[in-house]
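Step one of this worksheet: look at the structure below.
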Number of protein chains: 2
Amino acid sequence: MNRPNLFESIPDVMEGEVFEPLIQTSHLKLERIISRGHATPPGEWYDEEMEEWVILLKGSAGLLFEGETEMRVLRPGDDLHIPSHQRHRVEWTDSVEETIWLALHYRSKDNKDESGL
Amino acid sequence: MNRPNLFESIPDVMEGEVFEPLIQTSHLKLERIISRGHATPPGEWYDEEMEEWVILLKGSAGLLFEGETEMRVLRPGDDLHIPSHQRHRVEWTDSVEETIWLALHYRSKDNKDESGL
């Protein structure tokens, strides 16, 4: 086992959040994300074409879905499905330790737009 | 957040390994697996059509790939890609605590066999 451990291998220097692809095919992308107190800039939203599933492995985070008033707080082991085009923001991530996520982006069904991939 | 936490929610009674689907589409299946000292029966091998990626979240396990003499020992945070049709066995899982895995089964490319799915 020479692969770096996904809970423990953290870059010493991070200029921003780290997005590390683990698997990529025409239908899915699995990535590890490392945040250090990062949040989505004020007024900005993620709006993604693909479905997304996330699990928080370490640290903590608060996510907000557009149209909701209550944040979804994630602790290690919590997972969340973010439907395609559900606008959302990361309001905060842990200020003390790194937050490590796995994010799986995937197509829920065959999509005629994918022919070029 | 009413979803059960994936690190903590463990059934009290398990008759065998627990395979809990989290996402299923025509191209991928993500599942949580809970093992309690389970192993693949002697002489048996897994041989799967789809690619597989696993991460061990809790506990520990030893996997053997056919044709190799050395087991791959997984600790929390270790991940492993198991190529399509790579025969493999779970030689052992932790005898003291539950072993929790995430397993992602996926197609690496468009496959003419999938039309019926």
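Run down B:27, B:88 and say which single residue is within 12 Å of the chain's Cα centre (by Cα) and of a type outside the set (A, V, I, L, M).
Values: B:27 fails: within 12 Å of the chain's Cα centre (by Cα).
Step by step, each of B:27, B:88 is checked, and only B:88 is within 12 Å of the chain's Cα centre (by Cα) and of a type outside the set (A, V, I, L, M).
In the range B:11-31, which residues are surrounded by 15 or more Cβ atoms within 10 Å (Cβ to Cβ) and either over 25 Å from residue A:29 (Cβ atoms) or within 9 Å of chain A (Cβ to nearest Cβ) (or both)? Across the range B:11-31, the qualifying residues are B:17, B:18, B:22, B:23, B:25, B:26, B:27, B:28, B:30. Of the residues that sit in the range B:78-94 and are more than 14 Å from chain A (Cβ to nearest Cβ) and not in a strand (DSSP E or B), which one is surrounded by the most Cβ atoms within 10 Å (Cβ to Cβ)? That would be B:94. Take the residues in the range A:44-67 that are out of contact with any His (no Cβ under 9 Å at 6 or more places or on another chain) and more than 8 Å from chain B (Cβ to nearest Cβ), then tell me which one is farthest from residue A:17 (Cα to Cα). Looking at the filtered set, the residue picked out is A:67. Do we have any residue at all in the range A:68-77 that's surrounded by fewer than 16 Cβ atoms within 10 Å (Cβ to Cβ) and away from chain B (no Cβ under 14 Å)? Within the range A:68-77, one or more residues are surrounded by fewer than 16 Cβ atoms within 10 Å (Cβ to Cβ) and away from chain B (no Cβ under 14 Å). Within the range A:95-116, is even one residue exposed (fewer than 15 other Cβ atoms within 10 Å of the Cβ), in a helix (DSSP H, G or I), basic (Lys, Arg) and over 14 Å from the mean Cα position of the chain (by Cα)? Scanning the range A:95-116, I find at least one residue that is exposed (fewer than 15 other Cβ atoms within 10 Å of the Cβ), in a helix (DSSP H, G or I), basic (Lys, Arg) and over 14 Å from the mean Cα position of the chain (by Cα), so the answer is yes.
Looking at the range A:42-58, which of its residues are closer than 25 Å to residue B:29 by Cα and assigned to a loop (DSSP other than H, G, I, E, B)? Correct list: A:47, A:48, A:49, A:50.
Where a number appears in this text, it was derived from the coordinates with a stated rule and is not lab data. Small disclaimer: the values here were computed from a predicted structure and weren't measured. For neighbour counting, all protein chains shown are included, and Cβ atoms are generated from backbone atoms with ideal geometry for every residue, glycine included.
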